[in-house]
Amino acid sequence: MTRHLAVALIALWVGVAHAFDPFVVRDIRVEGIQRIEAGTVFSYLPVKVGETMTDEKAAAAIKALFATGFFKDVRLEVQRDVLIVAVEERPAISQIDFIGNKDLDKDVLRKGLREGGLAEGRSLDRALLDSAEQEIKRQYLARGRYGASVVTTVTPLEHNRVGVSFSVNEGEITKIRQINIIGNKVYKEKELLDLFVLQTPGWLTWYTKNDQYSKQKLSGDLESLRSHYMNSGYLEFDINSTQVSITPDKKDIYITIGVTEGEKYTVSEVKIGGEMLLPQAELRGLVQLKSGDTFSREKLAASTKRITDRLGNEGYAFANANSIPELDKSAKRVSLTIMIDPGRRVYVRRINIAGNTRSRDEVVRREMRQLEGAYYDSDKIQKSKQRLERLGYFSEVDVDTPAVPNTSDQVDVNFKVKEKATGAIMVGAGLSSTEKLVLSGSIAQQNIFGSGKHMMLALNTSKVTRNIALSFTDPYYLPPRSVAECALVCP
């Protein structure tokens with residue numbers, strides 16, 4: 001007798017009635033596959049040959065196969081204890097085309113779609129197509145084209161494949177027509193708008209594109225506005241609202257910013273608290289604010305940074321200096337307390353060098369002012385970075401100081417460099433009344449064989465004279481007696 005089991009997708013969520021008696025699977029057969037390997041289907045089945053098939057396992061099998069995104073229909077059938085998995089594959093995307101795009105390159109659009117899961121060779125998913133349209137619109141929005149529209153066309157091809165075409169109407173670039181600031185009394189609106197990157201169309205905006213709205217640029221402008229007030233003593237300054245409106249034809253944008261300036265505060269006193277490992281007089285000398293000064297958030301931040309940097313020179317790599325303001329609103333004065341938490345003194349475990357594919361390790365390490373096994377010193381680390389940059393061998397020098405895992409008093413110092421060309425070839429020719437034709441040429445290498453040594457060969461020849469010059473320079477011909485001595489005496 002033949003038994004048939006058809007399990008609908010809805011059964012995964014509402015449960016299925018008892019469709020058949022549990023049976024031992026004698027064999028499993030997959031039907032309907034074209035591109036997908038049978039082994040892929042088997043890997044998602046919760047039952048194997050020789051095991052018992054139940055309603056629960058059937059529901060789990062269909063759920064797992066649908067979740068792969070490879071199939072648009074899945075059915076399970078049973079015939080003489082043989083489990084038949086009948087599937088209908090989703091068509092594969094053979095090609096993706098773009099029509100009407102001028103402002104954005106096709107490769108840029110394809111990259112955005114690929115990151116969203118839509119690419120040639122993958123299975124077609126209608127939900128992904130909707131997401132792809134939104135992604136294309138998002139990329140045009142980022143370029144100020146708020147009127148952009150996208151129409152998707154899917155063309156069936158042979159062998160269960162499809163072609164996907166996105167027809168783009170880019171629309172016109174939306175321009176900022178007006179920026180208004182409401183609530184300002186101390187500063188004129190024009191003075192505040194001069195702080196902004198965003199602006200209305202002008203002589204140079206065709207090049208700078210600053211008349212095109214950008215959420216990131218607006219956020220930066222609002223922070224510039226806040227900093228301007230906070231650095232001028234307006235400690236309670238606040239941005240109440242930011243409204244961005246676009247006209248129905250998607251051509252113009254209007255920005256309105258509401259602010260509350262508050263009162264101007266002066267500094268009544270600056271106190272230093274916490275664990276002071278350095279003389280208080282030295283710490284006070286690092287503070288850029290004093291009694292009677294107009295409050296400035298920039299100077300306060302610079303003061304706390306100078307304190308943490310100074311503690312970093314003593315080995316306290318994770319020192320914190322936090323400021324606590326106390327407002328006297330009636331007198332419009334603020335008292336500042338800088339609390340210092342030096343943390344634990346830190347040692348440098350290792351100095352790691354990466355990226356020096358041509359320069360020898362010793363060429364980099366001999367520029368180090370920070371020593372392994374010594375206390376962490378932020379000033380020496382920065383000097384080491386500066387010395388590497390001045391060598392002229394590297395286009396980039398980056399440094400970071402990650403904490404050593406499972407320790408609280410050790411860090412590694414990682415220098416990452418990027419090599420650049422250090423050789424030069426020059427050829428010249430000239431005419432002289434006495435020497436006639438004069439030819440000259442030179443070849444120089446500032447980092448020969450990655451050794452840090454300099455070599456140059458120059459030739460100057462004419463009918464009368466011939467000069468050949470060879471120079472060789474070893475900047476470390478007479479090195480210090482030890483690395484420790486170099487760290488102490490070298491600049």
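Among the residues of region 225-281, what is the count of those that are of a type in the set (S, T, N, Q), more than 25 Å from E172 (Cα to Cα) and free of Cβ contacts under 8 Å to residues at least 12 places away in the same chain?
So the first thing to find is which residues in region 225-281 are of a type in the set (S, T, N, Q), and the list is 227, 231-232, 240-243, 245, 247, 256, 260, 266, 268, 280.
The next check asks that each one be more than 25 Å from E172 (Cα to Cα); those that pass are 227, 231-232, 240-241, 260, 266, 268, 280.
In the following step, the residues that additionally are free of Cβ contacts under 8 Å to residues at least 12 places away in the same chain were identified as 280.
So the answer is 1.
For region 26-40, the candidate set comprises residues that are modelled with pLDDT of 85 or more and buried (at least 17 other Cβ atoms within 10 Å of the Cβ); within that set, the residue that is nearest to the chain's Cα centre (by Cα) is V30.
Could you please let me know if G441 is exposed (fewer than 15 other Cβ atoms within 10 Å of the Cβ) and in contact with a Leu (Cβ under 6 Å, 6 or more places away or on another chain)? Spell out the reasoning first.
Values: exposed (fewer than 15 other Cβ atoms within 10 Å of the Cβ): yes; in contact with a Leu (Cβ under 6 Å, 6 or more places away or on another chain): yes.
Answer is yes for this residue.
Of all positions in region 46-53, at least one carries a residue that is buried (at least 16 other Cβ atoms within 10 Å of the Cβ), at pLDDT 80 or above, farther than 30 Å from L129 by Cα and not assigned by TED's automatic domain parsing to the domain that holds L129. For region 6-22, state whether one or more residues are surrounded by 15 or more Cβ atoms within 10 Å (Cβ to Cβ), modelled with pLDDT of 75 or more and β-branched (V, I, T). No, region 6-22 contains no residue that is surrounded by 15 or more Cβ atoms within 10 Å (Cβ to Cβ), modelled with pLDDT of 75 or more and β-branched (V, I, T). Within region 26-41, if we keep just the residues that are in contact with a strand residue (DSSP E or B) (Cβ under 6 Å, 6 or more places away or on another chain) and part of a helix (DSSP H, G or I), the residue that is nearest to L65 (Cα to Cα) turns out to be V41. Take the conditions under 30 Å from R177 (Cβ atoms), outside the structural domain of Q216 (by TED's automatic domain parsing), in contact with a strand residue (DSSP E or B) (Cβ under 9 Å, 6 or more places away or on another chain) and buried (at least 17 other Cβ atoms within 10 Å of the Cβ) and apply them to L109. Does it pass? Criteria met by L109. For region 243-261, the set of residues classified as of a type in the set (D, E, K, R) and part of a loop (DSSP other than H, G, I, E, B) consists of D249, K250, K251, E261, listed by residue number. Taking only region 238-294 into account, find how many residues are farther than 26 Å from R333 by Cβ and hydroxyl-bearing (S, T, Y). Qualifying residue count for the region: 6.
The residues of region 429-438 that are of a type outside the set (G, A, S), surrounded by fewer than 14 Cβ atoms within 10 Å (Cβ to Cβ) and assigned to a strand (DSSP E or B), listed by number, are L431, K436, L437.
Can you find, within region 243-259, the residue that is nearest to F318 (Cα to Cα) among those that are of a type outside the set (A, V, I, L, M, F, W, C) and surrounded by 14 or more Cβ atoms within 10 Å (Cβ to Cβ)? Talk me through it step by step, then tell me what you get.
At the first step, the residues of region 243-259 found to be of a type outside the set (A, V, I, L, M, F, W, C) are 243, 245, 247-252, 254, 256, 258.
Next cut, surrounded by 14 or more Cβ atoms within 10 Å (Cβ to Cβ) only: 250-252, 254, 256, 258.
Values: K250: 50, K251: 51, D252: 49, Y254: 45, T256: 42, G258: 39 Å.
Per the criteria, the residue is G258.
Residue by residue, here is whether (1) at pLDDT 85 or above; (2) within 24 Å of K380 (Cα to Cα); (3) in contact with a Phe, Trp or Tyr (Cβ under 7 Å, 6 or more places away or on another chain) holds:
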residue	(1), (2), (3)
I425	yes, no, no
V438	yes, no, no
Q445	yes, no, no
S451	yes, yes, no
S471	yes, no, no
P480	no, yes, no
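The single condition from (1) part of a strand (DSSP E or B); (2) over 30 Å from T461 (Cβ atoms) that M426 fails is (2).
The values are calculated or read from the model by the stated rules, or taken from the named source; none is laboratory data. Being a predicted model, the structure only gives us computed values, none of them experimental. Here the Cβ is made from the backbone with ideal geometry for all residues, glycine too, and neighbour counts use every protein chain on show.
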